[in-house]
1. Using the 10 angstrom Cβ neighbour count as an exposure proxy, how do 428, 457 rank, fewest first?
2. Distance in nm between label sites at residue 190 and residue 282, each 7 Å beyond Cα in the beta-carbon direction?
3. Kindly put 346, 541 in sequence by how many other C-beta atoms sit within 10 Å of each C-beta, fewest to most.
4. Which FRET efficiency value, to the nearest 0.05, is calculated for residue 211 and residue 72 with the Förster distance at 60 angstrom and r the Cβ-Cβ distance?
5. Under the rule a/c < 1.5 gives rounded, and otherwise a/b versus b/c splits prolate from oblate, where does the range 90-170 land using the Cα gyration tensor?
6. Could you pull the Rg and Dmax for the range 206-327, using just the Cα atoms, both in Å?
7. As a footprinting exposure proxy, order 359, 486, 299 by other Cβ within 10 Å, with the fewest listed first.
8. Using 0.36 nm times the number of residues separating residue 539 and residue 153, minus their current alpha carbon distance, what extension gain do you get?
């Protein structure tokens, strides 16, 4: 029987393997797996059209819905959209969507599948070490398989997916695990691909352990552990409908759509469980994740359930906040949830990407202003990766301020004022923190230490002085804004300075870069008038000066 996941879950192009304890190395049907060889295609896959400052829509006090408001307090979480990655496309696979994401060091590994009846998928390796210049280093196409999950470990990518075994001469089951070598951040097909098949309509998740790989498969499937070296079977357990798998260092949490959460020990013996009557729907993407002693479960139209992993008790249910735009009821579902320190992110389909804080309970901050239906979210370190269907992969930087920078600015106070920051000519203000501003105007003297985004213009008025240490990001490419330093005014930068728009230095103005680790990223024009000056060391990333 053929089963299809309707929503992003990596499913890898199938072909070849034995259903016994042996493994097959890919040697035939090579037309079904291929590498993208065009550097132009890879380069053009990165889309900067919407790059820049991201809004977070907060709850309106009037309507109770989430929308941009005018004169509110400066918000936390100064997020910026690095870029979007356009989904791969080829004949017979024009509707691929990102299904799973794994970040390791400076590279993110992405899988794609299709919601259509046919099987088709792809894999990307994307360099994100420079938040202003991401690039796709390698792309692999699967013309006969979906890819639902991907993990990288020690020179290999492990992918779990689905194939139509009825149409394959060699596949013994619809669910499969593939092991693909990566060399110099590129897929290496010359080394061959190792496969293992297992029962279940579709392989749904993959987890890497020191010596093994663990795979879940959906309807009538298995939890199965494979030896990492040769993909032989170590142990297994049959389940009705597994969607996701998490590990906290001693126990496994399984999301079984037929029941809820099952907690297993290292021998796959069930030690406890959490019954959930959630909205898991057939073949939809659903995930779970550990956060200390808590487990957060994506429960479709019911939002996210937060449970105590020791007692199984429901700690809190996080409902899905709705933005004012018309969204089909069936599209308002929590498909995925993930923690980053005390931040909870929920991929809520047509309702977008919700950001909440976890401190003695979960408090919703708002909806991140992204286009498209958000189907999957992964977050680690300073990055958020959101899969948005045909909108592709959205790479978001959280812009967390460095601890060392905050310590260096101990003589400043934490900013907690308006989103419209106006510094009068008789004021000398000094702040630290990380905030989202609507606009900044400096007539007197201002020092900001930390990470800051500004939705609209920044102006340093005549004879004013603005010092910034850390990160300052202004505007976005599809809504460009300007930074203007008026006559005899001074702008000093120590850190990253990004302007999605124009930079103008009026007569006698000064732009000074302090230290030797500065970067200026200007997308518009730089105008330097008479007697204006630019001094100090900095990297001119777009060659605008």
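Just so you know, all these numbers are worked out from the coordinates, no wet-lab data involved. Note that the coordinates shown come from a computational prediction; the quantities given were computed from them, not determined experimentally. In this analysis, Cβ positions are derived from the backbone assuming ideal geometry, glycine residues included, and neighbour counts consider all displayed protein chains.
1. The fewest-first ordering by Cβ neighbours comes to 428, 457.
2. In this crude spin-label approximation the distance works out to 4.7 nm.
3. Sorted ascending by nearby Cβ count, the order is 541, 346.
4. 0.70
5. Numbers: a/c = 2.73, a/b = 1.78, b/c = 1.53.
Prolate, since a/c reaches 1.5 and a/b exceeds b/c.
6. Considering the range 206-327 through its Cα atoms, Rg and Dmax are 15.2, 52 Å.
7. Lowest count first: 359, 486, 299.
8. 135.6 nm
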